[in-house]
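Read-outs throughout are calculated quantities, based only on the coordinates presented, and are distinct from any laboratory measurement. All of these numbers come straight from a predicted model, not from anything done at the bench. Cβ atoms come from the backbone with ideal geometry, glycine included; neighbour counts cover every protein chain shown.
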Amino acid sequence: MKGEKLICNNRKAAHEYFIEDKYEAGIVLVGSEVKSLRAGRANLKDSYAAIKGGEVYLYNCHISPYEQANRLNHEPLRIRKLLLHKIQIKKLLGKTTERGYSIVPLRMYFKSGRAKVQLALAKGKKLYDKRHSIKEREVQREMQRAIKDRDYLQ
C-alpha cells in the first residue's frame, strides 16, 4: 500500500485460515523494539491476538533484541498491547466467542512513522480445505503458463 514500509508478513496465515475481516491496529512498543523493527527484525510466525479485559494483546510475536541497546533491551517474546477502537474490539469479541474464530496478525508495517499490525478475523481451515487451496493455486499457475505460452507463440 502507498506510504507503508513493510516489516514482515505472516505468509502461513493465508494457508492455515480463511480470512473473514481485516483490521489495522497500532502497537504499544518500547524504544529498542522500534529500532529493531526499523531494521526489519520481526517474525509473526505462530503469533496470535487475544482480548483480555476489554483490550487486545499480541502474543508470540518475536521482535529480536537491538544490539546497541545493551542493558535497556526488551524481551523478544513479550506480550504487546494493540490499539483498536472500542467498537472494533466489541466486534472482534463477539466473533471470537463463536466457535472456530481467532484473531491472527497478517503483516506488520510502518505507516506515517508509526508501527502498525494488520489483524484478521480468521476461521481455521481443515486439512481438505488446505489441499483444495493448493490445487486451486496450481490450476491458476497452469492457466497463466498456458496463456503465456500461447501469447509467445503468436
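Some observations on this one:
- Over 22 Å (Cα to Cα) - which of K5/K95; K5/K116; K12/K91; K12/K86; K35/K111; K90/K116 fall in this group: K5/K95; K12/K91; K12/K86
- Count Lys and Arg as plus one, Asp and Glu as minus one, and take only other residues whose Cβ is under 13 Å from that of P65; the net charge is then +1.
- Amide H contacts under 5 Å for N10, placed H, 5+ residues apart: R107
- The phi-based Karplus calculation (6.51 cos²θ - 1.76 cosθ + 1.60; θ = phi - 60°) puts the 3J(HN,Hα) values of the stretch 90-98 at 5, 4, 5, 4, x, 6, 6, 6, 5 Hz, whole numbers, x for Gly and Pro.
- Whole-angstrom gap from the stretch 9-41 to the stretch 78-130, using each part's C-alpha centre: 10
- Between S133 and S112, the contour length at 0.36 nm per residue exceeds the Cα-Cα span by 4.1 nm.
- Count Lys and Arg as plus one, Asp and Glu as minus one, and take only other residues whose Cβ is under 15 Å from that of R38; the net charge is then +3.
- Sum of -39500 (n - 2.57) over DSSP H runs of 4+, divided by residues of the chain (222 nm, nearest 500): -10500 deg cm²/dmol
- Put simply, the amide H of K125, placed in the peptide plane, has neighbours under 5 Å in Y17, F18, leaving out anything fewer than 5 places away on its chain.
- The angle between the Cα long axis of helix 127-153 and the longest principal axis of the Cα atoms of the chain comes to about 60 degrees, rounded to the nearest 10.
- Maximal additional length on extending the H62-R141 stretch stands at 25.1 nm, based on 0.36 nm per residue less the C-alpha distance.
- Between L77 and K148, the FRET efficiency from the beta-carbon distance, with R0 = 41 Å, is close to 0.40.
- 14 Å beta-carbon shell around K123, net charge (K/R +1, D/E -1): +1
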